[in-house]
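Undergrad: Structure below; questions to follow.
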Amino acid sequence: SSGINAEYGLVNPKNTLTKHLAFPLVACMLINANYGVLQVTVTPYLHDVFDKTLSYGGMVLSLVSVGMAMGSLLAGYLLQRKLMSPYIQMALGGFLVAVGLFVTFPPASLKILYDNSPIIAFPGVFVAGLGDPMMTIATLRALYELQLQRSGMLTPKSTTLITGVWLMGYSAFYYSGSAIAGILTDYLQYHEIALILAGVCLISVFDSLAMRFFSKNKVLDEETVPLISGH
């Protein structure tokens with residue numbers, strides 16, 4: 001990959017292109033795989049557990065879109081105003097998705113949380129939808145900052161390459177989450193799936209905090225690269 005690194009301004013003897021992108025991309029991919037699973041499992045979950053119609057499930061899922069829209073605006077505002085490090089925002093987004101999954105699919109032993117009513121799914125999917133764009137948008141910003149820290153430059157070519165790889169990972173894992181959901185629901189109960197996915201989210205949280213710890217705190221100049229505030 002040295003030729004690619006040189007052409008796109010990613011030259012650094014200690015940090016290859018793969019190392020530049022690995023941690024943030026892994027975090028982003030894990031979150032989006034979770035989102036794909038959430039989209040597929042909510043409706044059958046409400047039907048199987050609470051005997052609700054498909055239209056009810058569609059109404060619940062609409063809150064995911066509302067949460068994502070609000071999360072996108074909030075993520076862009078926080079990054080533009082520099083009110084929160086992108087790494088901290090990534091960790092916060094992953095934590096919100098984990099909480100949303102656990103609330104949406106609570107184990108039967110915690111009936112006190114929802115009194116055997118599907119109403120708890122509404123805030124659950126909203127919180128999960130809110131956390132998803134906070135994670136993914138901050139991931140792209142973190143990738144730009146990592147490139148700037150490692151090589152001291154952020155060229156148009158390197159920006160294009162990073163954005164392209166980010167979009168590829170985002171899309172691939174979002175759609176693969178649907179396939180993962182189909183496999184998991186054949187063998188596991190819904191709350192077990194939620195616990196696994198929440199654990200994956202927490203891995204993303206620790207991943208993001210680790211990047212923040214090793215970051216050199218060199219931030220982007222807004223005139224150098226435009227802020228991506230949506231996905």
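Undergrad: Restricting attention to region 180-191, does a residue exist that is part of a helix (DSSP H, G or I), open to solvent by 10 Å² or more (accessible area, probe 1.4 Å), of a type outside the set (Phe, Trp, Tyr) and modelled with pLDDT of 85 or more?
TA: No: zero hits.
Undergrad: Can you spot a residue in region 111-123 that is among the small types (Gly, Ala, Ser), under 24 Å from the mean Cα position of the chain (by Cα), farther than 18 Å from MET29 by Cβ and modelled with pLDDT of 85 or more?
TA: Our first condition is that a residue be among the small types (Gly, Ala, Ser); within region 111-123, this holds for 117, 121.
After this cut, where a residue has to be under 24 Å from the mean Cα position of the chain (by Cα) as well, the list is 121.
The next check asks that each one be farther than 18 Å from MET29 by Cβ; those that pass are 121.
With the extra rule that they be modelled with pLDDT of 85 or more, the set shrinks to none.
The answer is no; no qualifying residue exists.
Undergrad: Also, quick follow-up: What pairs come out if I take residues in region 160-176 that are at pLDDT 80 or above and pair them with residues that are among the hydroxyl-bearing types (Ser, Thr, Tyr) and open to solvent by 40 Å² or more (accessible area, probe 1.4 Å) whose C-beta lies under 9 Å away, six or more apart or interchain?
TA: Taking only residues 6 or more apart or on different chains, the pairs are THR160/TYR8; LEU161/TYR8; ILE162/TYR8.
Undergrad: State which residue is modelled with the highest pLDDT when the search covers only region 197-228 and only residues that are out of contact with any Leu (no Cβ under 9 Å at 6 or more places or on another chain) and open to solvent by 90 Å² or more (accessible area, probe 1.4 Å).
TA: If we take residues in region 197-228 being out of contact with any Leu (no Cβ under 9 Å at 6 or more places or on another chain) and open to solvent by 90 Å² or more (accessible area, probe 1.4 Å), then PHE206 is modelled with the highest pLDDT.
Undergrad: Residue check, ALA194 against (1) among the small types (Gly, Ala, Ser); (2) under 17 Å from ASN32 (Cα atoms); (3) open to solvent by 40 Å² or more (accessible area, probe 1.4 Å), all met but one. Which one?
TA: (3)
Okay, residues lined up against (1) touching a Phe, Trp or Tyr at 6+ places or on another chain (Cβ under 9 Å); (2) part of a helix (DSSP H, G or I); (3) open to solvent by 10 Å² or more (accessible area, probe 1.4 Å):
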position: VAL49; (1), (2), (3): yes, yes, yes
position: TYR56; (1), (2), (3): yes, yes, yes
position: GLY67; (1), (2), (3): yes, yes, no
position: SER72; (1), (2), (3): no, yes, yes
position: GLY76; (1), (2), (3): no, yes, no
position: MET84; (1), (2), (3): no, no, yes
position: ILE88; (1), (2), (3): no, yes, yes
position: VAL99; (1), (2), (3): no, yes, yes
position: VAL103; (1), (2), (3): yes, yes, yes
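Undergrad: Can you find a residue that is surrounded by fewer than 18 Cβ atoms within 10 Å (Cβ to Cβ) and within 18 Å of the chain's Cα centre (by Cα) anywhere in region 140-163?
TA: Checked region 140-163: at least one residue is surrounded by fewer than 18 Cβ atoms within 10 Å (Cβ to Cβ) and within 18 Å of the chain's Cα centre (by Cα).
Undergrad: Moving on. Read through the list (1) within 30 Å of THR185 (Cα to Cα); (2) touching a residue at least 24 places away in the same chain (Cβ under 8 Å), then give the number of the only condition that ILE119 fails.
TA: (2)
Undergrad: What number of residues in region 51-69 are in contact with a Leu (Cβ under 6 Å, 6 or more places away or on another chain) and among the hydrophobic types (A, V, I, L, M, F, W, C)?
TA: Summing the residues that are in contact with a Leu (Cβ under 6 Å, 6 or more places away or on another chain) and among the hydrophobic types (A, V, I, L, M, F, W, C) in region 51-69 gives 0.
The values are calculated or read from the model by the stated rules, or taken from the named source; none is laboratory data. Nothing here was measured: the structure is a model prediction, and the numbers come from that model. For neighbour counting, all protein chains shown are included, and Cβ atoms are generated from backbone atoms with ideal geometry for every residue, glycine included. These area figures cover heavy atoms from the full protein model, side chains too; ligands, DNA and RNA do not enter into them. Shrake-Rupley method; radii C 1.70, N 1.55, O 1.52, S 1.80 Å.
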